[in-house]
1. Does region 1-46 classify as rounded, prolate or oblate by the C-alpha gyration tensor (a ≥ b ≥ c root eigenvalues; a/c under 1.5 gives rounded; else a/b over b/c gives prolate, otherwise oblate)?
2. Can you give me the angle between helix 27-41 and the longest principal axis of the chain, using Cα atoms only, in degrees from 0 to 90, rounded to the nearest 10?
3. Summing -39500 (n - 2.57) over the DSSP H runs of n ≥ 4 in the chain and dividing by its residue number, what mean residue ellipticity at 222 nm do you reach, to the nearest 500 deg cm²/dmol?
4. Compute the Cα gyration tensor for region 49-102, then decide on rounded, prolate or oblate, letting a ≥ b ≥ c be the square roots of its eigenvalues: rounded whenever a/c is under 1.5, prolate when a/b is larger than b/c in the other cases, and oblate in all that remain.
5. Sort out for me the Cα centre separation of region 1-43 from region 56-88, rounded to whole Å.
6. What's the angle, to the nearest 10 degrees (0 to 90), between helix 10-22's Cα axis and the longest principal axis of the chain?
7. Note the angle between two axes, namely the Cα long axis of helix 89-100 and the longest principal axis of the Cα atoms of the chain, as a number of degrees from 0 to 90, rounded to the nearest 10.
8. Contact order normalised by length for the chain, with contacts defined as Cα pairs under 8 Å and 6 or more residues apart; what percent is it?
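The numbers here are math on the coordinates, done by the rules we state, and not lab data. Computed from a predicted structure; not experimentally measured. Cβ: placed from backbone, ideal geometry, glycine included. Neighbour counts: every protein chain shown.
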């Protein structure tokens, strides 16, 4: 085993540790997974796209968005509503109950 010392923004470190904890991983285990994937794929094992809206758990994370990204997401929602691309809340609740019992 080798030791690796890295410098990471403190906020990012805490956020990442919280995600890893949810997954049952230590920072060391998560780093090992990342290194193994880099070695296997011969590069970064995910797309590095800074123009995308920051996501967390498949949901846009407004705490990491620029004002422009946030405004664009809000506009998309408004456009969907205006165009009638909506699902009534009752239908969403019924589907959640059917699928998940909640």
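1. Note, shape of region 1-46 comes out prolate.
2. The helix 27-41 is inclined about 90 degrees to the chain.
3. Value at 222 nm, helices only, nearest 500: -17500 deg cm²/dmol.
4. Oblate is the answer for region 49-102, as a/c is 1.5 or above yet b/c matches or exceeds a/b.
5. The distance from the Cα centre of region 1-43 to that of region 56-88 comes to 30 Å.
6. 80 degrees
7. With both axes taken from Cα atoms, the answer is about 50 degrees.
8. Over the chain, the number comes to 8 percent.
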